[in-house]
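Structure, as structure tokens:
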Amino acid sequence: MSKNVIGFMLIDAPHSALNNAGNDYSDRTDNMVKVKTIWKGGKSYPYVSGQALRYWWRETLESKFNWEMSPIVRDKKIAFTSANPIDYPDDDMFGYMRALSKKEGGTVTRRSVLSNSPLVSVVGQNPSNDFGVMARHEGDPVPYEHEFYSTILKGIFSINLDTAGKFYTKETTGYRNMYPDLVKLAEEKGLTNTDDAWVLDYETRIKRVEDIIKALPYLYGGAKQAAHLTDVTPKFLILTSIDGGNHFLMNIIKEEEKGAKLDIEALKEVLNDYKDILLTKVYIGFRKGFLNNKTSEQLEELSKENDKIVLGSINQIVDEFNKEIPKLVEK
């Protein structure tokens, strides 16, 4: 089994078009921009791709937490990072793939320490069309359209604490992280060498995990922000750590006619079913005004019934949960 941080979040998107699918040339204009959607049970659900969320996360880590990002090299139709997780924390936490020559060591890949789902609308939507024109020029105005929606987006993520800052030599896809020049750098930097991995120092591994979590209250990004400004920081967040890889928090929010609702009974059930693998308390944060009073009261009651529940604001529970990280990361 492996130790993982698992998280669940809700993002309020009241008038948004955060991830677009591009032009739909079948519509009445040649420049109709569609939002990304998936279909389920005959309903359309807008979503933000997992790749887009990871981009927001990277941008926040670079600007707010001063991460030095791995330089990107483009060669014709392919692009790759430096594949150097020792110097660049994003290569460590977000993974990489790079095809080196045989002389350089061959193809290396690193499985991402951070895994995340797309952010998917909790409720089915028929996105609205917004019609506009570009008329700041002589001649006829140029019409255009784009879609936007009002919903709550949900997503999950996990951080593998056992692989953060550990770089493997296994001949297995995702675990052949090392190549001769990187081994040489590891030796120069004084990394610990185990049977099948080179390991960064304890403090650096802790910091990289903590920064990923600290970034959550500061996430920013998304398309159409000039016209549909949306705060994409989580308004509801659950953080805990487990001995295992299964993510059991995905189905605690249900769709209702009036919108999204926290299924408090479903939350109680999964916390009881998986209490044996919990390594920490369960930290639940929410912004006041986002959840209705009944939901807030239910959470307060749950925290009284279960001493493993810690409630607070988003920033408070991020700070409190991060105090657990040094106990979870292996020295």
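The values are calculated or read from the model by the stated rules, or taken from the named source; none is laboratory data. Note that the structure is predicted; figures quoted are calculated from it, not measured. Here the Cβ is made from the backbone with ideal geometry for all residues, glycine too, and neighbour counts use every protein chain on show. Ligands, DNA and RNA are stripped out before the accessible areas are found, and what is left, the full protein with its side chains, is counted by its heavy atoms. Shrake-Rupley method; radii C 1.70, N 1.55, O 1.52, S 1.80 Å.
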Expected single match for surrounded by fewer than 16 Cβ atoms within 10 Å (Cβ to Cβ) and either of a type in the set (D, E, K, R) or in contact (Cβ under 8 Å) with a residue 40 or more places away in the chain (or both) among Glu269, Glu324 is Glu269
Unmet requirement for Tyr25, which otherwise passes all of (1) farther than 30 Å from Glu188 by Cα; (2) at pLDDT 90 or above; (3) open to solvent by 70 Å² or more (accessible area, probe 1.4 Å) = (2)
Of all residues in region 31-84, count the ones that are free of Cβ contacts under 8 Å to residues at least 12 places away in the same chain, β-branched (Val, Ile, Thr) and not in a strand (DSSP E or B).
-> 1
Among residues of region 216-251, those that are at positive phi and surrounded by fewer than 20 Cβ atoms within 10 Å (Cβ to Cβ), counted = 2
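Go through region 275-288 residue by residue and tally those that are open to solvent by 80 Å² or more (accessible area, probe 1.4 Å) and either of a type in the set (Val, Ile, Thr) or closer than 27 Å to Leu153 by Cβ (or both).
Number of matching residues: 2.
Does Asn19 satisfy being under 29 Å from Tyr274 (Cα atoms), of a type in the set (S, T, N, Q), touching a residue at least 24 places away in the same chain (Cβ under 8 Å) and surrounded by 19 or more Cβ atoms within 10 Å (Cβ to Cβ)?
no
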(1) more than 22 Å from Ile38 (Cβ to Cβ); (2) modelled with pLDDT of 95 or more; (3) touching a Gly at 6+ places or on another chain (Cβ under 9 Å); (4) not aromatic (Phe, Trp, Tyr): which one isn't true of Leu161, the others all being true?
-> (3)
Of the residues that sit in region 29-58 and are hydrophobic (A, V, I, L, M, F, W, C) and modelled with pLDDT under 95, which one is surrounded by the most Cβ atoms within 10 Å (Cβ to Cβ)?
-> Val35
Out of all the residues in region 161-176, is one or more surrounded by fewer than 14 Cβ atoms within 10 Å (Cβ to Cβ), in contact with a strand residue (DSSP E or B) (Cβ under 9 Å, 6 or more places away or on another chain) and basic (Lys, Arg)?
-> yes
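Picking from Lys154, Lys207, Lys254, which residue would you name as being basic (Lys, Arg), under 30 Å from Asp130 (Cβ atoms) and either modelled with pLDDT of 95 or more or buried (at least 20 other Cβ atoms within 10 Å of the Cβ) (or both)?
Lys154
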Considering each residue of region 84-107, count those that are at pLDDT 95 or above and surrounded by 17 or more Cβ atoms within 10 Å (Cβ to Cβ), and give that number.
-> 12
